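Chemist: I have a structure here, written as structure tokens, and I will follow up with some questions on it.
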Amino acid sequence: MKKQIFGPFLSVIFNVYTKWVTRKFKKIGRDCNIRPVLNLNNAENIEFGDDVSLGIFCWIGTNNTLRSQPKLKIGSHVHIGAYSMVIAANKIIVGNNVVMSERVTILDHYHGYEDVNKPVIDQPIVSKGQIEIGDDCFIGINSVILGNIKIGKHAVIGANCVVTHDVPAYKVVAGSPAKIIKQYDFKKKQWL
């Protein structure tokens, strides 16, 4: 009996939390679901499509240090796993039907470190360019995607990858740094 009551009650709590936390977003689609507790920065620069879900303790935001209006756009039918971080200082675009596992980090910027006379924390944020993740991608647990990257349609990023270069469509990458280990052959209609 308790399970029957607890499930609907929890669903109501999550719906209220989602409505409360997304009220300042630039755009929010239908049927989005955000689990508590979301760390959110500069929501006015963030757009979500329909049916976006965020796991617990995600950090989603933009950093206004480099641009007055950086852009973070998440497509429709996207799942971002628990403890993930997606922060744009320039521009990050995530396509439709993307699955991100837990603890994924996507950043288009880093802390400058070049001036050895200053602590790193006191140095400016530096952007390497924008990040674009195509439709139908899968990003494995603990993966890190760093600036100026384009990931093509239906690419698969293996667990624990550090992606520092573009990943073409229909490729599977693994390792740190990520390297192509498999690709789809449309003539043979199989992954090789």
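Chemist: Let me cross-check H79: its accessible surface, 1.4 Å probe, with only protein heavy atoms counted, in Å² to the nearest 10?
Modeler: Here the accessible area works out near 70 Å².
Chemist: Next up: Roughly how many nanometres apart are two label points built 7 Å out from the Cα toward the Cβ at K153 and K19?
Modeler: My value for the distance between the label points is 3.8 nm.
Chemist: Suppose every K and R has +1 on its Cβ and every D and E has -1 on its Cβ; what is the size of the dipole of region 1-157 about the Cα centre, in Debye to the nearest 20?
Modeler: 460 debye
Chemist: Restricting attention to region 97-192, which chymotrypsin sites (Phe, Trp or Tyr not before Pro) occupy a DSSP loop and are surrounded by at most 15 other Cβ atoms within 10 Å? Present the calculation step by step, with values, prior to reporting the outcome.
Modeler: Values: sites: Y110, Y113, F138, Y170, Y184, F186, W191; in loops: Y113, Y170, F186.
The qualifying sites are Y113, F186.
Chemist: Okay, moving on. Under 18 Å between alpha carbons, and skipping anything fewer than 8 positions from K91 in its own chain: which aspartates and glutamates qualify?
Modeler: Answer for K91, where 18 Å is the Cα cut-off: E44, E47, D108, E132, D135, D166, listed by chain and number.
Chemist: What is the Cα convex hull volume of region 1-102 when expressed per residue in Å³? Walk me through the numbers before you get to the answer.
Modeler: On the way: hull volume 9.0 nm³, N = 102.
Measuring per residue, one finds 89 Å³ for the Cα hull of region 1-102.
Chemist: Would you tell me the accessible area of K91, worked out with a 1.4 angstrom probe on the heavy atoms of the protein chains, in Å² to the nearest 10?
Modeler: 60 Å²
Chemist: I would also like to ask the following. Which sequence of E47, E114, E132 reflects their accessible areas, 1.4 Å probe, from the largest down? Don't jump to the answer; show the numbers that get you there.
Modeler: Numbers: E47 30, E114 110, E132 70 Å².
I get E114, E132, E47, largest accessible area first.
Chemist: Hey, could you get me the Stokes-Einstein D for the chain, Kirkwood radius over alpha-carbon pairs, 10 °C and 1.306 mPa s, rounded to whole µm² s⁻¹? Display every interim value, and only then the final one.
Modeler: On the way: Rh = 17.5 Å.
After rounding, the answer is 91 µm²/s.
Chemist: Excluding residues fewer than 8 places away in the same chain, name every one of the lysines whose C-alpha is closer than 21 Å to that of K187.
Modeler: Qualifying lysines at Cα under 21 Å: K153, K171.
The values are calculated or read from the model by the stated rules, or taken from the named source; none is laboratory data. Bear in mind the structure is a predicted one, so any value in this text is a computation, not a measurement. All Cβ positions, even for glycine, are placed from backbone atoms using ideal geometry, and neighbour counts span all protein chains on display. Note: areas computed on protein heavy atoms with side chains; ligands, DNA, RNA excluded. Shrake-Rupley method; radii C 1.70, N 1.55, O 1.52, S 1.80 Å.
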